[in-house]
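First up is the structure itself, then whatever we jot down about it.
Readers should treat all values here as calculations from the given coordinates under stated rules, not as data from a laboratory. Model, not experiment: these values are computed from the prediction. Every residue, glycine as well, gets a Cβ built from its backbone with ideal geometry; the counts of neighbours run over all protein chains shown.
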Amino acid sequence: MIEFKDVSLVYPNGTKGLKNVNVTINEGEFVVIVGLSGAGKSTFIRSINRLVTPTSGELIVDNQNILTYRNTDLRKLRTKVGMIFQNYNLVKRSNVLKNVLAGRLGYTGTLRSMFNLFKKEDMALAYESLKRVNIEEKLYNRADELSGGQQQRVSIARVLTQKPRYILADEPVASLDPPTSHQVMTYLKKINKEDNITTIVNLHFIDMAMEYADRIIGMRAGEVVFDGPVSEVTEKT
Ligand code: ADP
Ligand code: ADP
């Protein structure tokens, strides 16, 4: 469970990224955050794995206030809370296998992967994860040989190898065409339901949010201005 308790974030230049946000996200939910550019969606999402740090309030993840976390705790948090980005964040010149295992193995893994020394169990996990998003046949392709949609599927597989409890996706389909966007959203939703991984996704487009979300959070100027199930959005629009 994730609880924002009166969370605000002021960037060093004085911009207010979040203003007194109070939100509770329950186990297994698929939440979509919508709002115009600059509304604070990305700040909200990035607060949850402490890529940015709120300046006041409490942000509780699994009963702990993560705003007090430092080094070791943060590393554990970021394993538990997987992240997917708009631009995939793959190492372009590495192959898919190495990219997928990077999240799991960390630095010592990087050394081993230079020599293609993967343990059997890691290989198996990587392959299983890639199969979940139907991209296992690209195991030995370089990341930059893949299309955008394929790269985003690899980044989903990379997150899966972490065995996360939460997945955060920051504009995961903003660089993709509509059919590919739907494909990526369908995979995220499927994994959310099959593995009960609580998932929070930022989207630009309300139509797509309505199609996939269990619950929609609307933001404007750092504030939560709507929070409810999809059915309530329909009534208001
Ligand atoms: P969204 O994801 O909805 O586009 P963001 O969370 O990226 O919104 O941004 C919220 C506000 O915070 C915007 O006004 C943005 O310009 C500002 N902002 C984001 N990142 C920074 C930063 N590193 N420094 C200063 N202001 C920032
Ligand atoms: P390097 O470590 O030299 O960068 P890569 O691991 O990127 O090499 O692999 C280069 C090519 O070799 C890949 O595109 C792939 O076709 C092939 N390859 C690498 N490892 C294997 C493997 N274990 N099984 C089959 N083909 C492999």
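Tabulated values for the structure
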| read-out | value |
| --- | --- |
| Extension gain (nm, one decimal) between LYS163 and HIS182, 0.36 nm per residue minus Cα-Cα | 4.5 nm |
| At R0 = 30 Å, FRET efficiency that the Cβ-Cβ distance of GLU58 and GLU232 yields, to 0.05 | 0.65 |
| Estimated inter-spin distance, VAL10 and ARG93, nm [label 7 Å along Cα→Cβ] | 4.4 |
| DSSP bridge pairs, the chain: antiparallel proportion in percent, nearest 5 | 55 |
| GluC sites (Glu not before Pro) lying in DSSP loop within region 8-111, provided at most 14 other Cβ fall within 10 Å | GLU27 |
| Lys, Arg +1 and Asp, Glu -1 on Cβ, resulting dipole of region 1-114 about Cα centre, debye, nearest 20 | 700 |
| Relative contact order computed over the chain (Cα-Cα under 8 Å; 6+ residues apart), in percent | 30 |
| Net dipole in debye of the chain [+1 Lys, Arg Cβ; -1 Asp, Glu Cβ; about Cα centre; nearest 20] | 1040 |
| Cα-based equivalent ellipsoid, the chain: semi-axes from gyration tensor eigenvalues, Å | 30, 21, 15 |
| Helix-only [θ]222 nm of the chain, DSSP H runs n ≥ 4, -39500 (n - 2.57) each, per residue, nearest 500 | -12500 deg cm²/dmol |
| Gain in span if fully extended, LYS119 to ARG70, counting 0.36 nm per residue against the direct Cα distance | 14.6 nm |
| Cut-off 18 Å (backbone N to label point 7 Å along Cα→Cβ of LEU51), residues of region 153-178 | 153-176 |
| Highest-first arrangement of 39-52, 127-140, 60-73, where packing means the average Cβ count within 10 Å | 39-52, 127-140, 60-73 |
| Counted charge near VAL154, where neighbours are those whose Cβ lies closer than 13 Å (Asp, Glu -1; Lys, Arg +1) | +4 |
